[in-house]
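Student: One structure coming up, written as structure tokens, with questions to follow.
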Amino acid sequence: MRGLRKLTWVEAKLFLREPAAAFFTLLFPLVMLFIFGSIYGNEPTDYFDGHGAVDVSVPAYIAMIIATVGLLSITINIAVYRENGVLRRYRATPLRPQAILAASVLVNLVMTFLGGLLLILAARAVYGLHFEGNAVGVLLAFLLSALSFFALGFVIASVSPTARVAQVLGMVLFYPMLFLSGATIPWQELPEWLRRFSEFLPLTHVVTLLQGLWFGEPFGDHLKEVAVLLGVLVVGVLITVETFRWE
Amino acid sequence: METAIVVEGLRKVYGEVVAVDGISFEVRRGEIFGMVGPNGAGKTTTIECIEGLRRPDEGTVTTLGLDPQRDGYELRERIGVQLQESALPNRIKVWEAVDMFASFYRRSVDWKPLLERLGLAEKRNTDFAKLSGGQKQRLFIALALINDPELVFLDELTTGLDPQARRAMWQLVFDIREQGKTVFLTTHFMEEAERLCDRVAIVDDGRIVALDSPEKLVRSLGAEKRVVFSVERAFDEAALRAVPGVTKVERNGERVTVYGTGDRLVGGVVNALETGGVPFRDLRTEQPTLEDVFLALTGKQIRG
Ligand SMILES: Nc1ncnc2c1ncn2[C@@H]1O[C@H](COP(=O)(O)OP(=O)(O)OP(=O)(O)O)[C@@H](O)[C@H]1O
Ligand SMILES: [Mg+2]
């Protein structure tokens, strides 16, 4: 696809030049790690089934990064491009819409991955992070989770009439998920009825999947999570293809 | 192929609003073709149907021999487009924008001399959001030329430019034509259309009310010139009316306007004033312009 390489490269630079996006994707997870790491440390406890607080938090924070990028960065980025007329300008060239979406997915995937990698390296260096799973499996789960959340972000951008609405919608989905999915507050802390509600949040399934694989559970134990996320991905892609608008 | 654009019976409706109401015209290769008309006349709608960015409700458009709807991607390889309204990402740098847009096309020109030509070389490392209105405009023109297009569309190319930048832009348009390209532009400024265009379509309310070279349009009007001057005291207007060629004399306070035709009009007026011993000052002549053509054809002033 002509133009895809340059577009991706430029979008990557633009991502890093946007202070909010760069901060919440790359640095904020580290801030969380150090705050809660310094409070709870990483000693194995029965509360976390014999794992340390940091060991449990790292896959959960990775889920948080995925949600941040999918529901906030991508949504706002695409909606603002449309509202300002950037997409209009692209449309007056031979650039294909698929190239625009592909560049966005590639850049955001790499940034999400970098955010996770920084987190893992820091947790390892400072708190002796334990990893008991299969790296390839975790990576696959990460990919699936990220892609389905990106699809969700594109859908919000497509159905929102303005950038402002897209931003609000993204946040309305983001914040409950952030606190109720186990991404930031361990699900053990939630009352039973909230825990049942959180079953309906896609991010809960990301947290469960990533934590499970992180501690060596097989994919077979998490077919439900995989099915839910695949469903979100497929439906999201279909809606995006149907509703993509240049202006 | 002699014609660059053929439009037949183009119509576009938005709800209750008929934006373009069945217009037909052709643009020849190598010419500078202009569309002038007031706000909401349908210029942008027409130009964007020709570019393939909007779908006509009725009629056919052929651009460079292609159907802009069916062969959109192929067409956009060969045209350059400056949109009336668009933007780039806020933090993209000037050089990144031209470099990236160049990569969207099969064929592109070196962007360094292009930025030089548009006076943007010093701004190459500036963010898009930090450019002035005129600099953004010039960047968009650079993007419209980056693929060495056969046909260039400029929708309101000088809106928001200062007089000096506007003149520089006119020179640029002549340069583009010099390179054998065809230019299709729209403007509010009659003077701009008159100076730049080989042929002009005057549009109003979605229709073309006149289409010809600016000279012919002006001449077709009956070519009434005006001689304008100031006087301090009352005088005999009949002596002026008797001058050959004069059709009308208007007086508004000190200000007198004599309407008429013919090459000897000014001489005759001055002669009559001297003979009658009428002191006058600030005498000048006004040639009819496209502005007058528009006024005569639509009964409206283009501005206001
Ligand atoms: N996308 C749209 N949706 C609804 N109405 C539209 C749309 N685009 C144009 N119109 C209407 O169509 C008419 C023609 O608009 P157009 O933009 O083509 O005029 P124009 O000649 O380019 O005006 P201007 O000189 O202000 O740029 C206007 O009445 C405008 O309100
Ligand atoms: Mg317009």
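The values are calculated or read from the model by the stated rules, or taken from the named source; none is laboratory data. Quick caveat, the model's predicted, so the values are computed rather than measured. Because the Cβ atoms are built from the backbone with ideal geometry, glycine has one as well, and the counts that use them run over all protein chains shown. What goes into the accessible areas is simple: the full protein's heavy atoms, side chains included, and nothing from ligands, DNA or RNA. Shrake-Rupley method; radii C 1.70, N 1.55, O 1.52, S 1.80 Å.
Student: What do the square roots of 5 times the Cα gyration tensor eigenvalues come to for region A:1-40, in whole Å, largest first, as semi-axes of the equivalent ellipsoid?
Tutor: 33, 9, 4
Student: Using only protein heavy atoms and a 1.4 Å probe, how much accessible area in total is buried between B and A, to the nearest 100 Å²?
Tutor: So the total buried area for this chain pair works out to about 2600 Å².
Student: Further, regarding this structure: What are the equivalent ellipsoid semi-axes of the protein assembly as shown, built from the alpha-carbon gyration tensor (square roots of five times its eigenvalues), in whole angstrom, biggest first?
Tutor: Output for the protein assembly as shown: semi-axes of 66, 23, 21 Å.
Student: Rounding to the nearest 20 debye, state how big the charge dipole of chain B is about its Cα centre with +1 on each Lys and Arg Cβ and -1 on each Asp and Glu Cβ.
Tutor: 520
Student: When the expected Rg is taken as 2.2 N^0.38 Å, what fraction or multiple of it is the alpha-carbon Rg of region B:224-287?
Tutor: Normalised Rg, Cα atoms only: 0.96.
Student: Turning to a different aspect of this structure: In Å³ and rounded to a whole number, note down the convex hull volume per residue for the Cα atoms of region A:137-247.
Tutor: With only Cα atoms used, region A:137-247 gives 104 Å³ per residue.
Student: Give me the base-10 log of I(q)/I(0) for chain A at each q in 0.10, 0.17 Å⁻¹, Debye formula, one uniform scatterer per Cα, rounded to two decimals.
Tutor: -0.48, -1.28
Student: Can you tell me what the convex hull of the Cα atoms of region B:3-219 projects to on average, as an area in nm²?
Tutor: If you wrap the Cα atoms of region B:3-219 in a convex hull and average its projections, you get 11.6 nm².
Student: With a 1.4 Å probe and all protein chains left in place, how much accessible area per residue does region A:36-110 have, in Å²?
Tutor: 33
Student: With the Cα gyration tensor of region B:94-163 giving a ≥ b ≥ c as the square roots of its eigenvalues, does the rule (a/c under 1.5 for rounded; else a/b larger than b/c for prolate; else oblate) give rounded, prolate or oblate?
Tutor: oblate
Student: Run the dipole for region B:224-287 about the Cα centre, Lys and Arg Cβ at +1, Asp and Glu Cβ at -1, nothing else charged, and hand back the magnitude in debye, nearest 20.
Tutor: 80
Student: Count the lysine pairs in region B:3-219 that are 8 or more places apart or on different chains: how many have C-alpha atoms under 13 angstrom apart?
Tutor: Going through region B:3-219 pair by pair, I get 6.
Student: Using only the heavy atoms of the protein chains and a 1.4 Å probe, how would B:Lys12, B:Lys248 rank by accessible area, largest first?
Tutor: B:Lys248, B:Lys12
Student: Charges at C-beta only: +1 for Lys and Arg, -1 for Asp and Glu. How large is the resulting dipole of region B:46-114 about its Cα centre, in Debye rounded to 20?
Tutor: Computed charge dipole of region B:46-114: roughly 300 debye.
Student: I would also like to ask the following. Which semi-axis lengths, in whole Å and largest first, follow from the square roots of five times the eigenvalues of the Cα gyration tensor of region B:75-194?
Tutor: Over the Cα atoms of region B:75-194, the ellipsoid semi-axes are 21, 18, 13 Å.
Student: If B:Arg78, B:Arg29 are ordered by their accessible area, calculated over protein heavy atoms with a 1.4 Å probe, which sequence runs from highest to lowest?
Tutor: Most to least solvent-accessible, the answer reads B:Arg29, B:Arg78.
Student: Follow-up question, since we're still on this one. Residues of region B:3-219: accessible area per residue at 1.4 Å, in Å²?
Tutor: 40
Student: Check cross-link reach from B:Lys248 to the aspartates and glutamates: straight Cα distance under 13 Å, and skip same-chain residues fewer than eight apart.
Tutor: B:Glu224, B:Glu237
Student: With a 1.4 Å probe and all protein chains left in place, how much of the accessible area of region B:3-219 comes from carbon and sulfur atoms, in whole percent?
Tutor: 43
Student: Here is a further query. Ignoring any ligand, DNA or RNA, what whole percent of the accessible area of chain A comes from carbon and sulfur when the probe is 1.4 angstrom?
Tutor: Carbon plus sulfur share of accessible area: 70 percent.
Student: With a cap of 11 neighbouring Cβ atoms within 10 Å, and only residues DSSP puts in a loop, list the GluC sites (Glu not before Pro) found in region B:211-262.
Tutor: Sites meeting the loop and neighbour criteria: B:Glu232.
Student: Given a 1.4 Å probe, how much area per residue of region B:224-287 is accessible, in Å²?
Tutor: Per residue, region B:224-287 has 58 Å² of solvent-accessible surface.
Student: Computing the accessible area with a 1.4 Å probe over protein heavy atoms, can you report the carbon and sulfur percentage for region B:224-287?
Tutor: Summing carbon and sulfur atoms, their accessible area is 47 percent of the total for region B:224-287.
Student: Give me the residues in region A:1-39 whose solvent-accessible area, probe 1.4 Å, is reduced by at least 10 Å² once all protein chains are included instead of the chain isolated.
Tutor: Residues passing the criterion (a loss of at least 10 Å², heavy atoms only) are A:Arg2, A:Gly3, A:Lys6, A:Leu7, A:Val10, A:Lys13, A:Leu14, A:Arg17, A:Glu18, A:Pro19.
Student: Let me ask something else. Just the accessible area for B:Glu191, please: 1.4 Å probe, Å², rounded to the nearest 10?
Tutor: Here the accessible area works out near 100 Å².
Student: Work out how much length B:Arg55 to B:Glu232 would gain on full extension: take 0.36 nm times their residue separation and subtract the Cα-Cα distance, in nm to one decimal.
Tutor: Length gained between B:Arg55 and B:Glu232: 57.7 nm.
Student: Give me the percent of DSSP beta bridges within region B:3-219 that run antiparallel, rounded to the nearest 5.
Tutor: 55
Student: Is the shape of region B:131-274 best called rounded, prolate or oblate, per the rule: a/c under 1.5 gives rounded, else a/b larger than b/c gives prolate, else oblate, with a ≥ b ≥ c the square roots of the Cα gyration tensor eigenvalues?
Tutor: prolate
Student: Putting +1 on Lys and Arg Cβ atoms and -1 on Asp and Glu Cβ atoms, find which of B:Leu295, B:Ala238, B:Leu196 reaches farthest to the positive end of the dipole of the protein assembly as shown.
Tutor: It is B:Ala238.
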